[in-house]
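Read the structure below first, then the notes.
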Amino acid sequence: MDPVESKLRSWTRRLGIWLRDLLFFERFDRVRIEESVIQDICEMAAGSWPKEMISFLTGEIRKEGKERVLLINGLYVKSYEANEFSTYFSLHDLPMTSVYGTVHSHPGHSNRPSSADRHLFSKYGWFHLIICKPYRKESIAVYNKHGDRIESVDF
C-alpha cells in the first residue's frame, strides 16, 4: 500500500469513528457484560502474563423497557505487539459499528489507567476495561472514554 492510500484509509477510519461517536455517544442507560465475555477476558489476560493483552469489546444497544442497554456480548481480537508495559496495534481494520471500547490487561496488581490508557480511551469507544492480577472478575475496573471510573456495570 502506498503512503497516500495508507493516509486516506486512516482518515476515512477516523471520520467513521467520529461520525459514529457523534450519532451514538453515550446513548445508553446501562451496560451489561455477558459472563462468557468476562471468562474470556480473564483467560486471555492470564494467558498473556507477563505481557499485556488487548482486545475490543463488541456488542449492541438494546431497548429493554424504557432503558437502552449496551450489551457487551463478544470480543474482537486482532493481532498486536505487546510487552510488560504496553501493547501496540492498528485501528485500520476494526468494524466501525459494533465495537464499543477496549479491554486490556496490566501485568501487576493495579487496574488504574496510565496516561497512555487515557489517551486510548479518548480515541476509541465509550467503554473500557482494565484487568489486573489475579485476573478475575473482581480485578476488572471499568472506565468511560474520559478515563472516569464507572461503578454501575452489570457483570
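The values are calculated or read from the model by the stated rules, or taken from the named source; none is laboratory data. Since the model is a prediction, treat every value here as computed from it, not as a measurement. Heads up, the Cβs are rebuilt from the backbone with ideal geometry, glycines too, and the neighbour counts pull from every protein chain shown.
Miscellaneous remarks
- Summed over the stretch 47-64, residues that are charged (D, E, K, R) and crowded, with 19+ Cβ neighbours inside 10 Å total 1.
- Consider the stretch 9-54 and keep the residues that are in a strand (DSSP E or B) and at pLDDT below 90. The one that is nearest to ALA116 (Cα to Cα) is ILE54.
- The stretch 110-134, subset touching a strand residue (DSSP E or B) at 6+ places or on another chain (Cβ under 8 Å) and closer than 19 Å to TRP49 by Cα, residue surrounded by the fewest Cβ atoms within 10 Å (Cβ to Cβ): ARG112
- Of all the numbered requirements in (1) part of a loop (DSSP other than H, G, I, E, B); (2) out of contact with any Lys or Arg (no Cβ under 9 Å at 6 or more places or on another chain); (3) at pLDDT below 95, PRO134 misses one, and that requirement is (3).
- Among the residues of the stretch 112-155, those that are over 14 Å from TYR100 (Cα atoms) and small (Gly, Ala, Ser) comprise SER114, SER115, ALA116, SER139, ALA141, GLY147, SER152.
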